[in-house]
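Following: one structure in structure tokens, then a few remarks.
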Amino acid sequence: MSNKAIFKTLLIGEGGVGKTSLLRRVTEGWFDVDLKLTVGVDFARLDVSRGGWRGTLQIWDIGGQIRFRDLAVSYFASARLAIAVFDISNPITMTRLRDWIASLYESEGEDILLIIVGNKIDLRKTLPPTHRCITPEEGRAFAAEYNAPYIETSAKEAIGIDLLFDEVTRLLAERYPDIGG
Ligand code: G3D
Ligand code: MG
């Protein structure tokens, strides 16, 4: 009998940073549930495990049509963890992520688990050297301000996705050792 706990996991960050692309990557081949709601939130469900610990992530991906100020209550409510995404090729998306995190903290408290993701790292090698990209060191320093792990990904080239969800699982298993399983 399945008795796995469900952990609401949010994807947050500016439009265009790659949230939906990351979700598509992780659910490829694993795909379980995909509900498109009229409010513009997609869900995907992903079973994860670590040692004897097992859980189900219910990953919420907000649609681009939802305005920021509409969000807090309905989207953030009861989340266990947030994956906060910026685009390494677009530094303003890192700055704006601060507002997302502040809003999340205001709604759910600063105790919520958080992982910072710098996505689109494939662009470091294709953009001209004059293009200002966020460096790994800058990404780590940003995440350290929130005491959060920093993971770099490319949804396009499927880099770092497993690592990201290993980290999600690790944080949840450590925070909720007795719930999963
Ligand atoms: P969002 O859900 O955060 O709004 P999307 O972002 O997943 O819709 O992605 C926005 C655009 O960025 C898409 O391009 C998508 O293909 C691209 N993208 C997402 N992840 C990556 C990545 O890792 N590398 C690169 N190079 N591009 C990425 P379009 O052109 O469809 O708008
Ligand atoms: Mg999207």
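The values are calculated or read from the model by the stated rules, or taken from the named source; none is laboratory data. Just so it is clear, the model here is predicted, and its values are computed rather than measured. Glycine gets a Cβ as well: all are built from the backbone with ideal geometry, and neighbour counts include every protein chain shown. The area values use the complete protein model at the heavy-atom level, side chains included, leaving out ligands, DNA and RNA. Shrake-Rupley method; radii C 1.70, N 1.55, O 1.52, S 1.80 Å.
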Exercise. What length, rounded to one decimal in nm, is gained on full extension from A141 through to L127, with 0.36 nm per residue of separation minus their alpha-carbon distance?
Worked result: 2.7 nm
For this session: Please give the per residue accessible area of the range 5-175, computed with a probe of 1.4 Å over protein heavy atoms only, in Å².
Result: 50
Exercise. In the range 112-181, which trypsin sites (Lys or Arg not before Pro) fall in coil by DSSP and have 11 or fewer other Cβ atoms within 10 Å?
Worked result: R132
For this session: Determine the shape class of the range 5-175: with a ≥ b ≥ c the square roots of the Cα gyration tensor eigenvalues, call it rounded for a/c under 1.5, and otherwise prolate if a/b is greater than b/c, oblate otherwise.
Result: rounded
Exercise. A5's amide H: which non-local residues (gap 5+, or another chain) put their own amide H closer than 5 Å, with H modeled 1.01 Å from N in plane and none for Pro or chain starts?
Worked result: T56, G181
For this session: Please list, or write none, the aspartates and glutamates whose alpha carbon is within less than 13 Å of the alpha carbon of K8, excluding same-chain residues fewer than 8 places away.
Result: D42, D47, D61, E108
Seminar exercise, completed: As a percent rounded to 5, the proportion of antiparallel DSSP bridges among beta bridges in the range 5-175 is 35
For this session: Just the number, please: carbon plus sulfur as a percent of the accessible area of the range 5-175, 1.4 Å probe, no ligands or DNA/RNA counted.
Result: 50
